Each structure stands twice: as structure tokens, then as C-alpha cells.
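*Asks:* Below is the structure I would like to discuss, written out as C-alpha cells.
The values are calculated or read from the model by the stated rules, or taken from the named source; none is laboratory data. Bear in mind the structure is a predicted one, so any value in this text is a computation, not a measurement. Quick reminder, even Gly has a Cβ in these numbers, built from the backbone with ideal geometry, and neighbours come from all protein chains shown.
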Amino acid sequence: MLPAMAQADTIKIALAETPSDELVALFVALDRAKANGFDYEWTAFSDEELAIQAVLSGQMDIGFGMPYSAMQRSKTPIRIIFQLAKLNFFPVTTKAYSKLEDLAGEPILLHSRGGGTDSIANVIKDRLGMEFGERSYVPGSSNRVAALLGGQVDTTIIDLSNTNKLMRGPAADRFNVLDLFEFEASDEAIFANKDWIEDNAGDVQIFVDALLSVYAPAGRFGAGFVGGCAGIADG
């Protein structure tokens, strides 16, 4: 009976991407939380939308990803437990475009359906009253840069690091970084159903404390919303 009880108490975490070097800090935090009694298992989903839906349906307890579009359209009370980073992405195009308005009706390459870059595209659409053409999805800014360099796409949205690498590289004269208005948004976050958070406030606090111990010294962003979870300011 004891093994069954342990399994029942295991917290199920949905990852919206395959583990990589970019997730090292998260797994360090998870190990620290486990040392304090946070029993968990993780599942990596092949598509961000699948991971988010697994949390919405109750199949998984906690999600890691970018749930913002789902939060807007779903009736399930999803809440952010901890914000890991703020979006710092830029629209990058070939020289055929010089401003955002030029992208009306044009296809665009994004990270994932419902993710942060998809949300940015939606903000652009709503602010400028325009529609993009077909949206296609390739995870990873470096992969979208490769698509740009290879002539497979003309428009994408990529992170700051890859934007800098591209625009400081030998092919910089082939591309434009379009001006983007300021707006508040988050990037990757830890999220869960509000009811689950309230029912498991102790475990949530252990996890948030572990996340703070890793992310706060690195000067990243975090925000706890439940059970006395601490928050840290823009570092």
C-alpha cells in the first residue's frame, strides 16, 4: 500500500518542450525542491499546446511553458505560480519589409501555437488591425534563424540573443529588425489550476522557494501568487 500512496502523491509536471541546456536552471530548482519533500515526475510533450491542455484537463498538475493564450480563452482558472522570464523578442524580416504594417497578409514563422511569439503576433494584429498570412511553427529561435538564413522564410520572431548574433554576423545586411511597441508580457512560466494551487499550497511554496534560490541570484524574474509565495523584482 505504501508504494501506491507515494505514487498518488507524486506531482505531475508537464514540460512544453524537450529538456535541453535551456532548462538546466529549472531542473536544479526541481532537485532542490525534491530534497525538501516535493515529490514529482515530469513528462515532455512534443507540442506546447498539448502540455497546456494536459494541465487544463487535470491530467497534469503543473505546467511549464507559455500558457497566456490559453489563459485568455479557457474557462479553467489557470494561474501563474512563478514567472521565469519576460519576453524579449523581436520581429526579424528580410529587406522586403521595413515596418510592422508591411507584414499584413504575409506568412510568419513562430515558436509554437499559443506560445509567447504567437502572443506577440496577436498583439501586433490587434494593435495594428491587420491579419498575418499563414502561421507556421518551429521551436527554438536558433532554428528560426536557420530558416531565415536558408531563405525558407521571410518573417519570424526571435529572442534577443539570436537577434544580436544575426545582426552582428556576416548576413546582417540581408535582414531588418522591425520596431516593436512596448507591451507587458511574460515568457516561460510555471502555472497550474487555481484550485490545485490552493489545495497544495505547501508543495507550491516549497517549489517557489527552490525556484527563487536558483533564479533570483541569476537576476531573472519571478512572481509567486499563492500561499505567501515570495516575489522578486525586475533584476
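*Asks:* So MET130 passes all but one of these: (1) out of contact with any strand residue (DSSP E or B) (no Cβ under 6 Å at 6 or more places or on another chain); (2) surrounded by 13 or more Cβ atoms within 10 Å (Cβ to Cβ); (3) under 30 Å from LEU84 (Cα atoms). Which condition number does it fail?
*Replies:* Looking at each condition in turn, MET130 falls short on (3).
*Asks:* Another question about this same structure. Pick from the stretch 147-177 the residues that are under 22 Å from the mean Cα position of the chain (by Cα) and loosely packed, with under 14 Cβ neighbours inside 10 Å: which of them is modelled with the highest pLDDT?
*Replies:* ASN164
*Asks:* Just to be sure before I move on: is THR156 β-branched (Val, Ile, Thr), part of a helix (DSSP H, G or I), in contact (Cβ under 8 Å) with a residue 12 or more places away in the chain and not assigned by TED's automatic domain parsing to the domain that holds GLN59 in the structure I sent?
*Replies:* Spelling it out, it is not the case that THR156 is β-branched (Val, Ile, Thr), part of a helix (DSSP H, G or I), in contact (Cβ under 8 Å) with a residue 12 or more places away in the chain and not assigned by TED's automatic domain parsing to the domain that holds GLN59.
*Asks:* Suppose we filter SER161, SER142 for residues that are closer than 22 Å to GLU182 by Cβ and out of contact with any strand residue (DSSP E or B) (no Cβ under 6 Å at 6 or more places or on another chain); which single one remains?
*Replies:* SER161
*Asks:* Is it true that some residue in the stretch 58-68 is among the charged types (D, E, K, R), touching a residue at least 40 places away in the same chain (Cβ under 8 Å) and over 28 Å from LEU178 (Cα atoms)?
*Replies:* Yes, the stretch 58-68 contains a residue that is among the charged types (D, E, K, R), touching a residue at least 40 places away in the same chain (Cβ under 8 Å) and over 28 Å from LEU178 (Cα atoms).
*Asks:* Return only the number of the condition from (1) under 30 Å from ARG174 (Cα atoms); (2) modelled with pLDDT of 95 or more that LYS86 does not satisfy.
*Replies:* With respect to (1) under 30 Å from ARG174 (Cα atoms); (2) modelled with pLDDT of 95 or more, LYS86 is out only on (2).
*Asks:* Hey, any hits in the stretch 9-24 for a residue that's out of contact with any strand residue (DSSP E or B) (no Cβ under 9 Å at 6 or more places or on another chain), more than 18 Å from GLN205 (Cβ to Cβ) and modelled with pLDDT of 75 or more?
*Replies:* Yes, the conditions are met somewhere in the stretch 9-24.
*Asks:* With the requirement that a residue be within 22 Å of ASP9 (Cβ to Cβ) and either at pLDDT below 95 or not acidic (Asp, Glu) (or both), what does the stretch 40-55 give you?
*Replies:* TYR40, TRP42, THR43, ALA44, ALA51, ALA54, VAL55
*Asks:* Is the stretch 52-71 home to any residue that is of a type in the set (Phe, Trp, Tyr), touching a Gly at 6+ places or on another chain (Cβ under 8 Å) and buried (at least 20 other Cβ atoms within 10 Å of the Cβ)?
*Replies:* Yes: one or more hits.
*Asks:* Now, a different point. Scanning the stretch 91-118 for residues that are under 30 Å from GLN53 (Cβ atoms) and among the charged types (D, E, K, R), which turns out farthest from the chain's Cα centre (by Cα)?
*Replies:* Going through the qualifying residues, I end up with GLU106.
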